[in-house]
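Enquirer: Below are the structure tokens for one structure; questions will follow.
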Amino acid sequence: MKKERYLDTKGFKLGADLKLSDPMRGSFAEMNGLKEGGRLVQVDDTRIDKLSDVDTYLAKSKNKEIILLFERNDFQFFVTLKR
């Protein structure tokens, strides 16, 4: 059985290319303006290159506020996530 990622529980469905696909209706991701095609670039001040980097970083970052940097259509924006 595949373990659910923390970001999945918040409506972030990220592919191997770190692009968001189909944010769940009513989820944290959708309510924060994230749309399909947005790409996760950075978590806090750490550049993210692959999905496993996200999981590793989040596993070490419990009980804190995390800043996610997304990029879509040459526009970058931040989303704050409380862990």
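The values are calculated or read from the model by the stated rules, or taken from the named source; none is laboratory data. Since the model is a prediction, treat every value here as computed from it, not as a measurement. Here Cβ is always computed from backbone atoms with ideal geometry, including for glycine, and neighbour counts include all displayed protein chains. Heads up: the accessible areas ignore ligands, DNA and RNA and are worked out on the full protein's heavy atoms, side chains in. Shrake-Rupley method; radii C 1.70, N 1.55, O 1.52, S 1.80 Å.
Enquirer: Against the definition (in a strand (DSSP E or B), modelled with pLDDT of 85 or more and open to solvent by less than 60 Å² (accessible area, probe 1.4 Å)), how does Leu81 come out, yes or no? Break it down into steps so the answer makes sense when it comes.
Expert: Details: in a strand (DSSP E or B): yes; modelled with pLDDT of 85 or more: yes; open to solvent by less than 60 Å² (accessible area, probe 1.4 Å): yes.
Considered against the rule, which asks whether it is in a strand (DSSP E or B), modelled with pLDDT of 85 or more and open to solvent by less than 60 Å² (accessible area, probe 1.4 Å), Leu81 comes out as yes.
Enquirer: Further question on the same structure: Does segment 46-62 include one or more residues that are at pLDDT 95 or above, over 16 Å from Arg83 (Cβ atoms) and of a type in the set (A, V, I, L, M)?
Expert: no
Enquirer: So which residues in segment 21-45 are open to solvent by 30 Å² or more (accessible area, probe 1.4 Å) and within 10 Å of the chain's Cα centre (by Cα)?
Expert: Arg39, Gln42
Enquirer: Out of Ser27, Ser21, Ser61, report the one residue that is among the hydroxyl-bearing types (Ser, Thr, Tyr), touching a Phe, Trp or Tyr at 6+ places or on another chain (Cβ under 9 Å) and in contact (Cβ under 8 Å) with a residue 12 or more places away in the chain. Working first, answer last.
Expert: Values: Ser21 fails: touching a Phe, Trp or Tyr at 6+ places or on another chain (Cβ under 9 Å); Ser61 fails: touching a Phe, Trp or Tyr at 6+ places or on another chain (Cβ under 9 Å).
Matching residue, one of Ser27, Ser21, Ser61: Ser27.
Enquirer: Scan segment 53-78 for residues that are polar (S, T, N, Q) and open to solvent by less than 60 Å² (accessible area, probe 1.4 Å) and jot them down. Steps first, answer last, please.
Expert: So the first thing to find is which residues in segment 53-78 are polar (S, T, N, Q), and the list is 56, 61, 63, 73, 76.
Hit for segment 53-78 is Ser61, nothing else.
Enquirer: For segment 1-20, enumerate the residues that are open to solvent by less than 50 Å² (accessible area, probe 1.4 Å) and assigned to a loop (DSSP other than H, G, I, E, B).
Expert: If we filter segment 1-20 for residues that are open to solvent by less than 50 Å² (accessible area, probe 1.4 Å), which is where we start, we get 7-8, 11-12, 14-15, 18, 20.
Of everything in segment 1-20, those that are open to solvent by less than 50 Å² (accessible area, probe 1.4 Å) and assigned to a loop (DSSP other than H, G, I, E, B) turn out to be Gly11, Phe12, Gly15, Leu18.
Enquirer: While we're looking at this one, here's another question. For the structure I just gave you, tell me whether Ile48 is among the aliphatic types (A, V, I, L, M), touching a Lys or Arg at 6+ places or on another chain (Cβ under 6 Å) and open to solvent by less than 60 Å² (accessible area, probe 1.4 Å). Please lay out each step first, then the result.
Expert: Details: among the aliphatic types (A, V, I, L, M): yes; touching a Lys or Arg at 6+ places or on another chain (Cβ under 6 Å): no; open to solvent by less than 60 Å² (accessible area, probe 1.4 Å): yes.
For Ile48, the condition - among the aliphatic types (A, V, I, L, M), touching a Lys or Arg at 6+ places or on another chain (Cβ under 6 Å) and open to solvent by less than 60 Å² (accessible area, probe 1.4 Å) - is not met.
Enquirer: Considering segment 40-78 alone, what residues qualify as being of a type in the set (Lys, Arg) and part of a strand (DSSP E or B)?
Expert: Within segment 40-78, the first condition is being of a type in the set (Lys, Arg), and the residues that meet it are 47, 50, 60, 62, 64, 72.
Within segment 40-78, Arg47, Arg72 qualify.
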